[in-house]
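Accompanying notes for the structure given below.
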Amino acid sequence: MIGAVFFDFGGVVACLDHDEMARIERRHGLPAGGIWRAMYETAEWEALRIGQGNEDAWVGAIRRELDLLAGRPIAEEVNREWVQCWRGLDEAVISIIDGLRGRYRVGMISNATLTLEDELRDHHKIHDLFDIIVNSARVGFAKPDARIFQHAADGVGLQPSGCVHVDDLPHNVAGARKAGFHAVHYEGDGTSLEVELRALGVEW
């Protein structure tokens, strides 16, 4: 029996426009996936997402990596354009979350910085949609580490087998399954997400 459903933030609850990201990369002569690599595949991000390091060091690493990948200074321009890749909340996902509340424990598991909770509360106004928010920067380990999923399950008083996690990154989906969760790979289609959740026995 499923008792809890967890959602990632960026790319699931919040819309990330991968097509726009690709257009920015082409416009600036970056390799495919270069922006993601600069943002989220540096040692500085690896440290920040588990509550170590600091945001200034991370931003500096992003700038250096972007300039290195392009072979010229482009970080200022790309950083200005990057915000266009975020399209606000995914209303299809929010609708599903609304339907689940009261029937299931609803949570978030996100690799994030210490600003996540404030962003959910003050900017997006959705903090109260979640019974539990598991922020990697606060718990000290990040997806796909099995410990973050176990921490989430413990937080709602369930075994991992009673939990589902929805994520847009395949390696995090695989990590959730390895930890004993059911998991759904979200690719931006709310109807498909609903079908996959119902196939796992999640009803609303």
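Assorted remarks:
- For the chain, the membrane-span-like helices by this rule, meaning whole DSSP H stretches whose C-alpha atoms cover at least 18 Å of axis and whose Kyte-Doolittle mean is -1.0 or above, are 55-70; this says nothing about an actual membrane.
- Accessible surface, the chain, averaged per residue in Å² (probe 1.4 Å): 48
- Area accessible to solvent at VAL59, 1.4 Å probe radius, in Å²: 60
- Label-zone membership for segment 87-114, site ALA57, 7 angstrom Cα→C-beta point, backbone N under 17 Å: 112-114
- Where GluC sites (Glu not before Pro) in DSSP loops with at most 15 other Cβ within 10 Å are excluded, longest remaining stretch of the chain: 42-186
- Gaussian network model of the chain, Cα within-10 Å springs - most flexible of PRO73, PRO170, PRO160: PRO73
- In terms of overall dimensions, the chain has a Cα radius of gyration and Dmax of 17.3, 54 angstrom.
- Each helix, a run of at least 4 DSSP H residues, gives -39500 (n - 2.57); summed and divided by the residues of the chain, these come to -12500 deg cm²/dmol at 222 nm.
- Take every Cα pair under 8 Å whose residues are at least 6 apart in sequence, average their separation, divide by the length of the chain, and the relative contact order is 27 percent.
The values are calculated or read from the model by the stated rules, or taken from the named source; none is laboratory data. Source: prediction; values computed, not measured. Using ideal geometry, Cβ is built from the backbone for each residue, glycine included, and neighbour counts are taken over all protein chains shown. Protein only, heavy atoms only, side chains kept; ligands, DNA and RNA dropped before computing areas. Shrake-Rupley method; radii C 1.70, N 1.55, O 1.52, S 1.80 Å.
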